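Derivation of every value follows stated rules applied to the coordinates shown; laboratory data play no part. As the structure is a computational prediction, the values presented were derived from the model and not from experiment. Please note: Cβ atoms are built from the backbone with ideal geometry, for glycine as well, and neighbour counts cover all protein chains shown.
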Amino acid sequence: MRRRFFVEAFAGGTACLTGDAAHHLGRVLRAEPGQLYELSDANSVFLARIERVASGRVDFALLEKLPAARSPLDLSILLSIAKFDRYEWALEKATELGVNTIVPLAAERSEKALVSAAVKRAARWRKILLESAQQARCLRTPLLSEVTRPAAAFADNKASLRVLFSERSGALPVQEIFKEAASKHVGELPLQVALAVGPEGGWTDQEFDAASAAGFREASLGNNILRTETAVIAGLAAAHLYFDGGEQDHKKH
């Protein structure tokens, strides 16, 4: 399977790859003129042939426009900051699972030192998202927002379906919420879905109240207590089950 890389734009049947990606392609993968790769400008995908490999630059000729699969979901994750090794693993897997937007949350129970250091990690996190999107052959790289307090992030989110994962006993099973939403959705795709994942210490009462006021529904991912990165995968997998190709089956039941 051909590797995919992202470029800024296509221009007159040509494209140019620069920066770290060009270095990786030219020096690490030892790319040569004549080799074929896939290129995406976040809107379309082309089969392209390398024409020239130079220092910090790889030039391509565009050969053929390829089908660009588009998900029926516009997914966003409001992801509370956690220990960076786990957090970065969650970013990688969220990208592979088709997330469009990631909002890092400075939750009340996120470690203060991690929140303070998060701003300096933004460049590293964007690189993780880029590399993960290329590996997963996504159409585009997820957008990484600035670190935000939960109340503000909840209030700003305008997704059609807003879900906050919760360990409280009154939270409905996530499958009930997704099944209900799938049965009611009759509008144009993509459906906008926002999933909020709390820190290791859980949400505070004030954060629950802020989420409720912003229209987030409280949902349970099961009886077990999940780590942040596990909740990300479980929640995204459930969203794909109900809305990405399987929603018609659920509407029939």
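At a glance:
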| item | result |
| --- | --- |
| Cβ-based net charge around Leu25, under 14 Å, with every Lys or Arg adding one and every Asp or Glu removing one | +2 |
| Sequence of Asp85, Asp20 once ranked by neighbouring C-beta atoms within 10 Å, starting from the fewest | Asp85, Asp20 |
| Cα lying deepest toward the dipole's positive end in the stretch 73-251, options Ala234, Phe154, Gln134, charges on Cβ | Gln134 |
| Residue order, fewest to most beta carbons within 10 Å, for Glu96, Glu64 | Glu64, Glu96 |
| Given charges at beta-carbon only (K, R positive; D, E negative), |dipole| of the stretch 4-66 in Debye | 160 debye |
| Cα gyration tensor, the stretch 4-66 - rounded (a/c under 1.5), prolate or oblate | prolate |
| Average Cα contact separation per residue, the stretch 34-148, under 8 Å, 6 or more apart, as relative contact order % | 26 percent |
| Cut-off 13 Å between beta-carbons: net charge of the residues surrounding Ser76, Lys and Arg +1, Asp and Glu -1 | 0 |
| Calculated [θ] (222 nm, deg cm²/dmol) that DSSP helices of n ≥ 4 give over the chain, each run adding -39,500 (n - 2.57) | -10000 deg cm²/dmol |
| Total lysine pairs whose alpha carbons fall under 21 Å of each other in the chain (8 or more apart, or interchain) | 12 |
| With 10 Å bins from 0: P(r) over the stretch 1-133, alpha-carbon pairs, percent | 11, 35, 28, 19, 6, 0 |
| Net charge over other residues, Cβ less than 14 angstrom from the Cβ of Arg57 (K, R count +1; D, E count -1) | -2 |
| Mean Cα-pair separation over length for the chain, i.e. relative contact order, pairs under 8 Å, 6 or more apart, % | 21 percent |
